[in-house]
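A.B. asks: Here you go, one structure.
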Amino acid sequence: MTAIQILIDGFAISALYALGATGFTLIFGVSGVLNLSHGALMVTAAVVAWAASSEYGLGSYAGAAAGVAVCTGLTLATYGVVVRPIDRSRAIPPEEKEIFILTGTLLWGIMIQEFIAYLFTSNAKTVMPIVEGVVTIAGVRTPWNQVFTAVVCWATIGLLWLLVNRTRTGKVLLAASMNPRGVTLLGFELSRIYVAIWLIYGVLAGIAGVLLGQFLGVSSYSVGPLTASAFSIVVLGGLGSVSGSLIAAYVVGYLETLTAYLVSPAYRTIPALLLLVAVMYVRPQGLLGRR
């Protein structure tokens, strides 16, 4: 396997991780939640897209739209059923709510994983690609779908940047991540802001999940590794730092790609987790995080 092939494959998978981790980082920055059902949401999007396009014959475009829609709905359900009730509970001390939310989202993700396995089995599933064909890049034959994946990921990240920095809604979300109390004093309801950020996160996770299903394929067993990769990325980049997460996504993506090619795909997540442990000792705040 040539170095060019590793560079191309690593770029595509890193773009997918960047897109997923951006949403993961946003909900932490605004609502302070680390969602451990992240991998389950992405897998749900991919499996629904596969079922809609292949099993029900709706085609690749309708299948992709169905995957994103179901993932978005399930993400809002995660907030409404798991996160919000815990956050508003008076029976749980404020200092313990974070660990309860972590545990709640983890268990929610396991429930989704088991439900997917029950309905669709644990066999790997590949989503029907939207773009077919092959292109030659630097002498390496590369599927057009792989190029399409990287382009869509970065186009979506670009649109998100425009939303956050060029629209009134985006500026409110940005302000809420910096000073939630100040936003409420200005007359904005935090509950609506949280719903909006979880909605955006659901769309991002859905797009990333569908593209991942087209690129690599997924199964219910993909839930844990996807969540672990996202967690590694946001911690390496610095909790709440979108820029840090984008950089860390490429570090993790290329580490996993090298491991898959040089060692075994079964061990692809291990180097990133080892790097995470090392960074926690040397620079606990991550690459661009603050103490």
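The values are calculated or read from the model by the stated rules, or taken from the named source; none is laboratory data. Predicted model only: the values in this text are computed from it and were never measured. Backbone-built Cβ (ideal geometry, glycine too); neighbour counts: all protein chains shown. We work out accessible area using only protein heavy atoms, side chains counted, and drop any ligands, DNA or RNA first. Shrake-Rupley method; radii C 1.70, N 1.55, O 1.52, S 1.80 Å.
A.B. asks: Go through [x] 53, 48, 40; [y] 78, 70, 32; [z] 58, 47, 36 and flag the label whose value is the computed Cα extents along the principal axes in Å for this structure.
C.D. replies: [z]
A.B. asks: For Lys125, what residues show an amide H to amide H distance below 5 Å, using hydrogens built from the backbone and excluding near sequence neighbours?
C.D. replies: Placed amide hydrogens put Val218, Ser219 under 5 Å from Lys125.
A.B. asks: Can you tell me the dipole magnitude for the stretch 1-282 around its Cα centre, using point charges on the Cβ only (Lys, Arg +1; Asp, Glu -1), in Debye to the nearest 20?
C.D. replies: Dipole magnitude for the stretch 1-282 comes out near 560 debye.
A.B. asks: By how many nm would the segment from Ser122 to Ile4 lengthen if fully extended, with 0.36 nm per residue of separation less the alpha-carbon distance?
C.D. replies: 39.2 nm
A.B. asks: Relative to the Cα centre, what is the charge dipole magnitude of the stretch 127-224, using +1 at the beta carbon of each Lys and Arg, -1 at the beta carbon of each Asp and Glu, and rounding to the nearest 20 debye?
C.D. replies: That gives the stretch 127-224 a dipole magnitude of about 340 debye.
A.B. asks: Taking only C-alpha pairs under 8 Å that are 6+ residues apart, what is the relative contact order of the chain in percent?
C.D. replies: 33
A.B. asks: A further question on this structure: At a 1.4 Å probe radius, carbon and sulfur cover how many percent of the accessible area of the chain?
C.D. replies: Here it works out to 67 percent.
A.B. asks: For the stretch 1-136, what's the relative contact order in percent, using C-alpha pairs closer than 8 Å and at least 6 residues apart?
C.D. replies: It comes to 29 percent, rounded to a whole number.
A.B. asks: Cys153 accessible area, nearest 10 Å², 1.4 Å probe?
C.D. replies: Accessible surface of Cys153 is approximately 0 Å².
A.B. asks: In addition: Cα centroid distance between the stretch 189-235 and the stretch 85-119, in Å?
C.D. replies: Value for the Cα centre distance between the two parts: 16 Å.
A.B. asks: Provide Trp161, Trp198 ordered by accessible surface of protein heavy atoms (probe 1.4 Å), highest first.
C.D. replies: Ranking Trp161, Trp198 by accessible area, largest first, yields Trp161, Trp198.
A.B. asks: Let me ask you something else. Just how much of Val151 is accessible, in Å², when a 1.4 Å probe is used and the result is rounded to the nearest 10?
C.D. replies: 90
A.B. asks: As a test question: what accessible area, to the nearest 10 Å², does Val263 have when a 1.4 Å probe is rolled over all protein chains in place?
C.D. replies: That residue has around 100 Å² of solvent-accessible surface.
A.B. asks: With θ taken as phi - 60° and the coefficients 6.51, -1.76 and 1.60, list the Karplus ³J(HN,Hα) couplings across the stretch 72-77 in order, rounded to whole Hz; mark glycine and proline as x.
C.D. replies: Here the 3J(HN,Hα) series is 4, x, 5, 5, 5, 5 Hz.
A.B. asks: Okay, moving on. Using a 1.4 Å probe, what is the accessible area per residue for the stretch 1-282, in Å²?
C.D. replies: 47
A.B. asks: For Asp87, Asp9, write out the residues from largest to smallest accessible area, computed with a 1.4 angstrom probe and no ligands counted.
C.D. replies: Largest accessible area first, the list is Asp87, Asp9.
A.B. asks: Average the reciprocal distances over every distinct pair of alpha-carbons in the stretch 128-237, invert the result, and give the Kirkwood radius in Å.
C.D. replies: 16.7
A.B. asks: In the stretch 77-180, what trypsin sites (Lys or Arg not before Pro) fall in a loop by DSSP, with at most 10 other Cβ atoms inside 10 Å?
C.D. replies: Sites meeting the loop and neighbour criteria: Arg90.
A.B. asks: Which sequence of Glu55, Glu95 reflects their accessible areas, 1.4 Å probe, from the largest down?
C.D. replies: Glu95, Glu55
A.B. asks: Per DSSP helix of 4 or more residues, -39500 (n - 2.57); summed, then divided by the residues of the chain. What does that give at 222 nm, rounded to the nearest 500?
C.D. replies: -23500 deg cm²/dmol
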